[in-house]
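Reading through the structure tokens given below for one structure.
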Amino acid sequence: NSSDNAPVGVRPRPVVDRLPKYAAGKPPVAIEGLTSYKLSSNENPLPPIPAVLQAIADQSDINRYPDPLSTKLRTALADFLEIPADDVVTGAGSLGALNQILSTFAGQNHDGKADEVIYAWRSFEAYPISVGLVGAESVQIPLLSDGRHDLEAMAAAVTVRTKVILLCTPNNPTGPILTAEETERFIQSVPTGVVVVIDEAYQEFVRDENAVDGIKLYRKYPNVVVLRTFSKAHGLAGLRVGYSVSGPDLTQHLRVAATPFAVSQIAERAAITSLENFDQVVERVQSLVDERDRVTVGLRELGWFVPEAQGNFVWLNLGENSAEFAGLAAERALSVRAFGNEGVRVSIGEVEANTRFLELCASYTKAPQ
Ligand code: PMP
């Protein structure tokens, strides 16, 4: 009955109309004679390790539903992180795990007013969408000029309506980490009834010794929950598997709200196999960290300001030149991610891709300061 595209009168909840659209990283446009590279989604450019591909190929029981509790994966993670398996809740990517946290702890309240979720901005593009969808209100606190969280302003923004605070370390898209010391001080300064999420999607790429390790903090603070993923360091973005780690005060509720069967058995098996071969993962991560450092040093030698880059990406504070720069990258068969008139995020990719990116920067005269 909708073949003539007549309006059927179906309307989404008003909040859905107001949501910003998720603009996923685009694939590069092909240019003759040039290999194209996608540097727009903070993916791992390396193919999965052979044992993971084998484990996926060996799955013969996909006519059955997966274990809704991902027991084997949670047990493997418990061994790996030296924590109780009960503290782990899996999800379809860490974004799935985040959505479970938000829908458990924040939303429209019984008085019709929205709960508040505080996070730094700019940060991960999905935050405003996920917060909006549960009916809660985003309270966005501008980053400091060097791309770090303004923790003082974030603490000052807490009200009786605040239910969740999202910390992103390293911050996507700007790159800096939160230190262990400032994070602990921050947690101590907010009411214990507020859930503090530490999103550590890029944790394995961090080399700053002062960086926070959420796993060390959550045992001490029952309102803290850590997010981690197999999408970045493990290179399994296409399989959608991530998890949250928190104590029983939070997990008892998270388990109720968790999407049943969110992690397929293929994803679960692949994640376990990747953990079993973590030495190979570490080697690959180190090669990307080396490339990140080469790119950062290269940019700084060109006189570009680059915030501390601790993930698998660098941030270029290009302001109103962002779209122009992204266009020039596209002409070289590189897709990068421009965020409005703020800046451009460039993921660390293959050596040749990174070199081509540096060459582009060397020829570009409007260096970010
Ligand atoms: N958190 C941050 C900070 C991210 O950058 C991303 C991916 N871009 C995610 C979470 C979600 O990743 P995934 O759902 O693939 O685990």
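Anything in the range 280-301 that is closer than 21 Å to L236 by Cα and of a type in the set (D, E)? List them, or say none.
Answer for the range 280-301, where residues must be closer than 21 Å to L236 by Cα and of a type in the set (D, E): E283, D290, E291.
Of all the helices (runs of 4 or more DSSP H) wholly in the range 192-302, which have at least 3 residues that are touching a Leu at 6+ places or on another chain (Cβ under 8 Å)?
Qualifying helices (runs of 4 or more DSSP H): 265-276, 278-301.
Can you pull out every residue in the range 223-237 that is within 24 Å of L254 (Cα to Cα) and more than 9 Å from the ligand (Cβ to nearest atom)?
N223, V224, V225, V226
Please indicate, with yes or no, whether at least one residue in the range 53-65 is within 15 Å of T259 (Cβ to Cβ), of a type outside the set (S, T, N, Q), assigned by TED's automatic domain parsing to the domain that holds I141 and touching a helix residue (DSSP H, G or I) at 6+ places or on another chain (Cβ under 9 Å).
Looking for residues that are within 15 Å of T259 (Cβ to Cβ), of a type outside the set (S, T, N, Q), assigned by TED's automatic domain parsing to the domain that holds I141 and touching a helix residue (DSSP H, G or I) at 6+ places or on another chain (Cβ under 9 Å), one finds at least one in the range 53-65, hence yes.
Going through the range 23-67 one residue at a time, which ones are of a type in the set (F, W, Y) and not in a loop (DSSP other than H, G, I, E, B)?
Y37
Give just the number: which of (1) more than 16 Å from the ligand (Cβ to nearest atom); (2) part of a helix (DSSP H, G or I); (3) surrounded by 12 or more Cβ atoms within 10 Å (Cβ to Cβ) does D17 not satisfy?
Result: D17 passes all but (3).
Which of the numbered conditions does S70 fail, given that it passes all the others? Conditions: (1) at pLDDT 90 or above; (2) at negative phi; (3) under 27 Å from the mean Cα position of the chain (by Cα).
Every listed condition holds for S70 apart from (2).
Could you look through the range 99-135, keep only residues that are under 24 Å from Q203 (Cα atoms) and part of a loop (DSSP other than H, G, I, E, B), and pick out the one that is farthest from the ligand (Cβ to nearest atom)?
R122
Can you spot a residue in the range 159-181 that is assigned to a loop (DSSP other than H, G, I, E, B) and loosely packed, with under 14 Cβ neighbours inside 10 Å?
Looking for residues that are assigned to a loop (DSSP other than H, G, I, E, B) and loosely packed, with under 14 Cβ neighbours inside 10 Å, one finds at least one in the range 159-181, hence yes.
Considering only the range 34-74, state which residues are away from the ligand (no atom under 16 Å from the Cβ), among the small types (G, A, S) and surrounded by 20 or more Cβ atoms within 10 Å (Cβ to Cβ).
A55
Under the condition of being without any contact (Cβ under 8 Å) to a residue 60 or more places away in the chain and part of a helix (DSSP H, G or I), which residue from the range 334-369 is nearest to Y22 (Cα to Cα)?
Of everything passing the filter in the range 334-369, L360 is nearest to Y22 (Cα to Cα).
Quick one: count up the residues across the range 20-39 that are among the aliphatic types (A, V, I, L, M) and under 30 Å from V131 (Cβ atoms).
Of the residues in the range 20-39, 3 are among the aliphatic types (A, V, I, L, M) and under 30 Å from V131 (Cβ atoms).
For the range 303-333, give me each residue that is in contact (Cβ under 8 Å) with a residue 24 or more places away in the chain, in a helix (DSSP H, G or I) and hydrophobic (A, V, I, L, M, F, W, C).
Hits for the range 303-333 are F325, L328, A329, A330.
Please determine, by comparing only the residues of the range 75-98 that are free of Cβ contacts under 8 Å to residues at least 40 places away in the same chain and crowded, with 16+ Cβ neighbours inside 10 Å, which one is nearest to Q203 (Cα to Cα).
Selected residue: A78.
Out of the range 146-178, which residues are among the β-branched types (V, I, T), more than 16 Å from the ligand (Cβ to nearest atom) and in contact with a Ser or Thr (Cβ under 9 Å, 6 or more places away or on another chain)?
The one that is among the β-branched types (V, I, T), more than 16 Å from the ligand (Cβ to nearest atom) and in contact with a Ser or Thr (Cβ under 9 Å, 6 or more places away or on another chain): V158.
The values are calculated or read from the model by the stated rules, or taken from the named source; none is laboratory data. Quick caveat, the model's predicted, so the values are computed rather than measured. Every residue, glycine as well, gets a Cβ built from its backbone with ideal geometry; the counts of neighbours run over all protein chains shown.
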